[in-house]
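The structure appears right after this line, and notes come after that.
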């Protein structure tokens, strides 16, 4: 069975993130995206604590595509260090999990 995961990504502009994640679905790098906004973020960056409102996206994809998603984001994302992390999907509705795998492309070797 294909290993699946949820990729979480944030960006300073929720509209930019919505458009960007649409590109990821169009390119079959993920099957679906849930965009959340506003998200209040508190983080440490370059020695200072910052607070800001951001957009947050939850992508469903194959684990093997995470590297391609990160590369695509690093080339386009407004942050110097985009916040992107992946969490494994261990179980769920088998029909939904099959759909995630079917709607994403296998990574190119």
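A short reminder: the numbers here are calculations on the coordinates, not readings from a lab. Note that the structure is predicted; figures quoted are calculated from it, not measured. Cβ: placed from backbone, ideal geometry, glycine included. Neighbour counts: every protein chain shown.
The table for this structure:
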item	result
Members of segment 89-106 found to be outside any loop (DSSP other than H, G, I, E, B) and under 15 Å from the mean Cα position of the chain (by Cα), listed by number	89, 100
Number of the exception - residue 75 against (1) out of contact with any strand residue (DSSP E or B) (no Cβ under 7 Å at 6 or more places or on another chain); (2) surrounded by 11 or more Cβ atoms within 10 Å (Cβ to Cβ); (3) outside any loop (DSSP other than H, G, I, E, B)	(2)
